[in-house]
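Single-structure report; data block below.
The values are calculated or read from the model by the stated rules, or taken from the named source; none is laboratory data. The model shown is predicted, which means the values in this text are computed figures rather than measured ones. Every residue, glycine among them, receives a Cβ derived from its backbone with ideal geometry; neighbour counts consider all protein chains shown. The protein model used for the area step is the full one, side chains on, heavy atoms only, and it has no ligands, DNA or RNA in it. Shrake-Rupley method; radii C 1.70, N 1.55, O 1.52, S 1.80 Å.
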Number of protein chains: 2
Amino acid sequence: MHPLDTAIALKPITKGSYLAHTSAAYANMVGPFGGVTSALLLNAVMQHEDLLGEPIVLTVNYAAPIADGEIVVEAQPVRTNRSTQHWLMQATQNGELVSFATAVTAIRRETWSALEATPPQNVPEPLSLSRMETANKPIWTQCYDMRYMDGDMPGEAGGAEQDDSYSCLWVRDEPPRALDFPALSAICDSYFPRIFIRRQRRVAIGTVSLTTYFHADNALLAAQGEQFLLATAKALNFRKGYFDQSAEVWSADRQLLASTHQMVYFRD
Amino acid sequence: MHPLDTAIALKPITKGSYLAHTSAAYANMVGPFGGVTSALLLNAVMQHEDLLGEPIVLTVNYAAPIADGEIVVEAQPVRTNRSTQHWLMQATQNGELVSFATAVTAIRRETWSALEATPPQNVPEPLSLSRMETANKPIWTQCYDMRYMDGDMPGEAGGAEQDDSYSCLWVRDEPPRALDFPALSAICDSYFPRIFIRRQRRVAIGTVSLTTYFHADNALLAAQGEQFLLATAKALNFRKGYFDQSAEVWSADRQLLASTHQMVYFRD
């Protein structure tokens with residue numbers, strides 16, 4: 001069983017209610033890597049017998065630290081229309097809310113389509129680059145093969161402040177795993193905090209809210225399989241304890257699979 | 001009373017529960033303008049006696065059409081930490097969920113701060129531009145003074161398809177109104193659908209989810225007052241019935257007040 005599948009495994013309790021357990025493989029500085037919490041909450045939708053269509057939007061709010069141990073995960077379709085379905089999900093520990101989320105799923109149809117964003121240009125092949133070292137980084141980074149072209153996480157020694165927080169990298173699950181919606185949602189949180197890149201040092205941070213827009217459907221995810229994803233991220237603003245991040249995840253053949261945004265608390 | 005204040009007025013029923021009413025001034029093609037629904041749900045947080053801090057993130061999911069008439073609005077703080085608070089809000093009509101939302105509010109602190117995004121350059125003053133005509137447009141457009149520099153809504157006759165969906169405009173409430181968080185959240189949905197700009201024709205659309213990141217605090221909003229806001233928007237991708245929009249709202253003195261993202265259904 002792939003470590004991600006272990007980390008997002010759900011044991012049914014009642015309809016829409018499941019028991020999960022934190023996974024040591026995806027441990028972060030405090031509690032689990034936020035991407036795996038996002039994948040866990042989305043998985044509760046994917047496993048629900050009343051699911052209509054495929055994920056279009058996922059918003060996860062990180063309300064409190066998650067302790068090592070059991071998590072009760074619940075997903076409820078709060079409104080089902082003809083082609084769209086709205087979801088409310090929550091994760092609790094000992095009856096206390098730790099994360100909650102909303103999602104929209106929908107049946108997609110063939111329509112006029114057009115890619116407007118431009119993927120990064122003149123990008124070297126992933127295997128021509130070195131894999132990022134994971135020593136002195138959170139445990140969860142070992143669950144990804146990241147190959148940075150720009151904006152890598154600064155070393156513990158730090159460096160001179162930069163004018164921008166842009167990152168560009170190739171990333172895939174380690175060991176390789178066929179891409180699906182939960183895995184893609186986790187990868188959408190696998191960027192290092194923009195303030196680390198900008199300031200070239202590590203500060204205390206915590207994502208408060210993460211929204212992911214899925215441009216891909218199951219067919220595009222299947223075409224991607226286990227290949228490396230091309231990923232970019234930037235911030236717009238850092239102000240009075242909070243900064244944002246906007247990021248894009250591209251397939252190996254330059255289809256936009258997801259765009260993702262988050263607001264992050266920082267202490268400085 | 002300003003029409004926006006009428007449209008988002010909340011009559012308390014019980015703690016966190018209010019009665020509201022749709023407003024003819026903000027009518028859209030079907031139901032109310034989505035921005036005013038966003039402002040209404042946020043107002044339920046702003047009016048709550050347990051509110052901690054100022055809005056940081058707001059996500060509104062549009063679950064079903066809203067009929068003209070009464071709306072029950074509820075806001076509940078689902079987790080309160082030392083400096084952050086997580087909210088769940090919902091709007092119902094006749095007991096049926098029509099919209100729901102999540103928000104994070106927080107007490108901001110002085111920290112290292114840096115603006116990374118670049119505002120539009122070489123922008124003419126708003127009063128040197130013509131106000132957009134509102135004839136043959138939805139009623140709610142009369143509640144804004146919009147002065148487009150780029151990417152205006154196409155006329156009913158349509159035009160040749162464009163390569164991009166970028167828009168840039170000056171916008172403020174009409175009549176003028178001092179900016180606050182509900183008004184800013186409404187303006188974040190006041191852009192015309194990106195597919196109208198891209199295709200230069202009007203098609204059936206509906207926003208399914210709208211997320212707004214507030215970079216401004218009360219002091220920045222007070223400094224803005226009733227001045228025009230500088231607003232930009234673009235799409236990344238249009239695919240199989242859904243497209244995204246990413247937008248920025250800048251103050252008159254080029255502070256980033258909000259960044260906002262949405263996923264929109266379209267029929268083609």
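Observations on the model:
- Matching entry among A:S185, A:S190, A:S130, A:S165 (being within 23 Å of B:W112 (Cα to Cα) and either touching a strand residue (DSSP E or B) at 6+ places or on another chain (Cβ under 8 Å) or charged (D, E, K, R) (or both)): A:S165
- The set of residues in region A:3-12 being open to solvent by 30 Å² or more (accessible area, probe 1.4 Å) and within 16 Å of A:D173 (Cβ to Cβ) consists of A:P3, A:D5, A:T6, A:A9.
- Output for region B:127-163, where each listed residue is farther than 23 Å from B:S23 by Cα, part of a loop (DSSP other than H, G, I, E, B) and open to solvent by less than 70 Å² (accessible area, probe 1.4 Å): B:L129, B:G151, B:D152, B:M153, B:P154, B:G155, B:G158, B:G159, B:Q162
- Looking across region B:164-203 at every residue that is of a type in the set (F, W, Y) and under 17 Å from B:Q262 (Cα atoms), the one that is surrounded by the fewest Cβ atoms within 10 Å (Cβ to Cβ) is identified as B:Y166.
- Within region B:246-257, tally of residues that are more than 10 Å from every other protein chain (Cβ to nearest Cβ) and open to solvent by less than 10 Å² (accessible area, probe 1.4 Å): 4
- Subset tally (residues that are more than 14 Å from chain A (Cβ to nearest Cβ) and open to solvent by 20 Å² or more (accessible area, probe 1.4 Å)) for region B:107-126: 5
- Residues that are at the interface with chain A (Cβ under 10 Å from one of its Cβ atoms) and either within 15 Å of the chain's Cα centre (by Cα) or of a type outside the set (D, E, K, R) (or both), drawn from region B:213-233: B:Y213, B:F214, B:H215, B:A216, B:A219, B:L220
- Put simply, of A:F238, A:F214 the only residue that is in contact (Cβ under 8 Å) with a residue 60 or more places away in the chain and among the hydrophobic types (A, V, I, L, M, F, W, C) is A:F214.
- Tabulated pairs, region A:148-160, first on the phi > 0 side of the Ramachandran plot, second part of a loop (DSSP other than H, G, I, E, B) and open to solvent by 60 Å² or more (accessible area, probe 1.4 Å), C-beta under 7 angstrom, 6+ apart or interchain: A:G151/A:Y166; A:G158/A:R201
- Test: residue in region A:237-245 that is more than 7 Å from every other protein chain (Cβ to nearest Cβ) and either within 15 Å of the chain's Cα centre (by Cα) or open to solvent by 10 Å² or more (accessible area, probe 1.4 Å) (or both): yes
- Selection count, region A:51-77, where residues are surrounded by fewer than 16 Cβ atoms within 10 Å (Cβ to Cβ) and charged (D, E, K, R): 2
Yes/no per residue for (1) surrounded by 17 or more Cβ atoms within 10 Å (Cβ to Cβ); (2) more than 11 Å from chain B (Cβ to nearest Cβ); (3) in contact with a helix residue (DSSP H, G or I) (Cβ under 9 Å, 6 or more places away or on another chain):
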residue	(1), (2), (3)
A:T14	no, yes, no
A:Y18	yes, yes, yes
A:G31	yes, yes, yes
A:E49	no, yes, no
A:R79	yes, no, no
A:S99	yes, no, yes
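- Each residue in region A:180-198 was checked for being among the charged types (D, E, K, R) and within 18 Å of A:D145 (Cβ to Cβ), and 2 of them qualify.
- Residue pairs meeting the criteria (Cβ under 7 Å; at least 6 apart or on separate chains; first under 21 Å from B:D173 (Cβ atoms), in region B:116-137; second basic (K, R)): B:P119/B:R254; B:P126/B:R147; B:L129/B:R147; B:S130/B:R147; B:R131/B:R147; B:M132/B:R147
- Residues of region B:112-126 satisfying the condition of being within 18 Å of A:D164 (Cα to Cα) and assigned to a loop (DSSP other than H, G, I, E, B): B:W112, B:S113, B:E116, B:A117, B:T118, B:P119, B:P120
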